[in-house]
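A short worksheet on the structure shown next.
Every number here is computed from the coordinates shown, using simple stated rules; none is lab data. Bear in mind the structure is a predicted one, so any value in this text is a computation, not a measurement. Here Cβ is always computed from backbone atoms with ideal geometry, including for glycine, and neighbour counts include all displayed protein chains.
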Amino acid sequence: MNNLIELDLVSMGFALGLMVLAMALSAWQHLGLTGSLLMATGRTIVQLLVVGYLLALVFALRNPWAVLAIVLTMTIIATVVARNRISRKLPQLVPILGSSLVLSTGFTLAYVNLLVLRLEPWYEPQYLVPLAGIVLGNSMNAAALAGERFVSTLNNSQLDIETHLSLGATPRQATQLYRREAIKAGLIPTLNSMLVVGIVTLPGIITGQILSGVDPLNASLYQMLIMFMLAFTTLLTAIILINGIDRQYFNQAAQLRKF
């Protein structure tokens, strides 16, 4: 069972027709989205073509340094995007974010590599690059959600926190509830996806594998592995990030800082 349908220029031309129809619908309804749709279409084409050619080169080289360079680039981009969604005022947010993404993604990939997939070689780009991309993308979203919630809550609850501190609470005791709520917020998308996967939605991984001719049961097992990876990685990312931000908000005298 491997009846993969190759997409040629004619097929992609008809696929592009869907975006033309979307722009026509936008113009018809006077939504003002034509320019945004056109820009999104252009960026999608350019970005995915570049990624496709780049990954084809990396897969052909099968060089560990090339694979690590791809993963490092994705990590840097994810860090910058998440930082922009959380805050630009926290001085140490970038290293905290970067370390949380590196530690959580690195541990998860190492665990799956050694115990589940047992890749030979360990840097097999066919597996490592897409798995790293999926994990980093979801970790970035979890970090942005958790970090934005935590920072906004701390900024809006300074009087409550200072009241707890004046009554003898430690900084961690004063922000304990806020940390928990922020971490939970970061996990909501992943948990929601796990609750409905295979029932309401078929995620991109399982859909792509089935379209490429993979046995549906094996595709389901891979999707199961990915969901477990995402649950662990997003949780670990949120925990590391929130605890790092929490320390930034207090000085050595346990006084609340204002950013």
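With Cα atoms defining each centre, region 116-155 and region 98-112 are spaced 8 Å apart in the structure.
Can you tell me how much longer the chain between A254 and Q29 gets when fully stretched, taken as 0.36 nm per residue apart minus their C-alpha distance, in nm with one decimal? Show your work: numbers first, answer last.
On the way: separation 225, 0.36 × 225 = 81.00 nm, distance 5.63 nm.
Computed gain between A254 and Q29 is 75.4 nm.
In this structure the amide hydrogen of E124, modeled in the peptide plane, comes within under 5 Å of no amide hydrogen from residues 5 or more places off or on another chain. In this Cβ point-charge picture (+1 for Lys and Arg, -1 for Asp and Glu), the chain has a dipole of about 900 debye about its Cα centre. With a simple spin-label model that places each label point 7 Å from the Cα along the Cα-to-Cβ direction, the separation between S99 and Y111 comes to 2.0 nm. The ranking of L61, L33 from fewest to most other beta carbons within 10 Å of each one's beta carbon is L61, L33.
Just to be sure I understand, if you calculate Kirkwood radius over Cα pairs in Å for this structure, which of [x] 19.4; [y] 18.7; [z] 21.0 do you get? The value computed from this structure is option [z]. A dipole drawn for the chain from +1 and -1 charges on Cβ atoms has a positive end, and of F232, S157, L114 the residue lying farthest that way is S157.
Counting other C-beta atoms within 10 Å, which of M229, M140 has the fewest, and how do the rest follow?
Ascending Cβ contact count within 10 Å gives the list M229, M140.
Averaging Cα coordinates gives a centre for region 37-66 and one for region 203-259; these two points are 23 Å apart. In the chain, taking the dipole from charged Cβ atoms about the Cα centre, the farthest positive-side position among L93, F259, L21 is held by F259. Counting every other Cβ atom within 10 Å of each residue's Cβ, K258, K184 order from fewest to most as K258, K184.
Taking every C-alpha pair closer than 8 Å and separated by at least 6 residues, the mean separation divided by the residue count of the chain gives a relative contact order of 25 percent.
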